[in-house]
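Let me begin by presenting the structure, written as structure tokens, before commenting on it.
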Amino acid sequence: MRLTPELTIFGIFLMLSAVAICTLVAIAFAAHGPVVAQTAVQSPGYRLRRVWFRGLAIIAVVGFLLSLPAFPYHTRSQPASSQHHPVTALQFAFVVPPVLPLDTPIVLDVTATDVNHGVGIYDPDGRIVAQVQAMPGYTNSLPLALKKPGQYTVLCMEYCGIAHHLMRATFEVR
Ligand SMILES: [Cu+2]
């Protein structure tokens, strides 16, 4: 079996779950003892809760500030020369260009004619490379560069009606 990122994440999840279960079982076994009055544990409990809250708040703020530069939004500016291609979603189909250029910055101008749809774009290996919502009366610009040649698939990512599952289109990248 090939070790995909999904399997790695699943393995980490299983290990962390085992640690959590063992911790809870250990706490359950350690909790055997004489019953203590509420008033005796209330004040240290509140103190512990205060320390815990402040610690979590500090971790959250520091983590937010440290990860801020990695936010992708400032890299989203499109080269002025980007070609624009229209993509329209409707019940229950997509209108997409039959061919898109390989490894070229393009912008998909995505809209819908009836209700909200989702446009999910899958590369020839079946991996999702981009997705955006398609909304009636509004155009979402999706900048991207398609890196692999071959046949891409477009699937609807938002339940839009009785034949939602039939919404599928393909286009060629070369
Ligand atoms: Cu749909």
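Descriptive notes on the structure:
For every residue, the table says whether it meets (1) among the aliphatic types (A, V, I, L, M); (2) touching a strand residue (DSSP E or B) at 6+ places or on another chain (Cβ under 6 Å).
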position	(1), (2)
112	yes, yes
117	no, yes
123	no, yes
127	no, no
133	no, yes
138	no, no
144	yes, yes
149	no, yes
158	no, yes
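- Failed condition for residue 31, given (1) of a type in the set (Gly, Ala, Ser); (2) in contact with a strand residue (DSSP E or B) (Cβ under 8 Å, 6 or more places away or on another chain); (3) more than 16 Å from the ligand (Cβ to nearest atom): (2)
- Residues that are near the ligand (Cβ under 10 Å from one of its atoms) number at least 2 in the following strands (runs of 3 or more DSSP E) confined to the stretch 102-174: 117-122, 150-156.
- Residue within the stretch 90-97 that is aliphatic (A, V, I, L, M), closer than 21 Å to residue 73 by Cβ, part of a strand (DSSP E or B) and over 17 Å from the mean Cα position of the chain (by Cα) present: no
- Meets criteria (within 16 Å of the ligand (Cβ to nearest atom), out of contact with any Leu (no Cβ under 7 Å at 6 or more places or on another chain) and closer than 29 Å to residue 4 by Cα) for residue 96: no
- Any pair with Cβ under 6 angstrom, 6 or more apart, that starts in the stretch 105-120 at a residue that is without any contact (Cβ under 8 Å) to a residue 12 or more places away in the chain and of a type in the set (A, V, I, L, M, F, W, C) and ends at one that is surrounded by fewer than 24 Cβ atoms within 10 Å (Cβ to Cβ) and assigned to a loop (DSSP other than H, G, I, E, B): none
Each value in this text was obtained by applying a stated rule to the coordinates, not by laboratory testing. Note that this is a predicted model, so its numbers are computed, not measured. Positions of Cβ are generated from backbone atoms using ideal geometry, with glycine treated the same way; all protein chains shown enter the neighbour counts.
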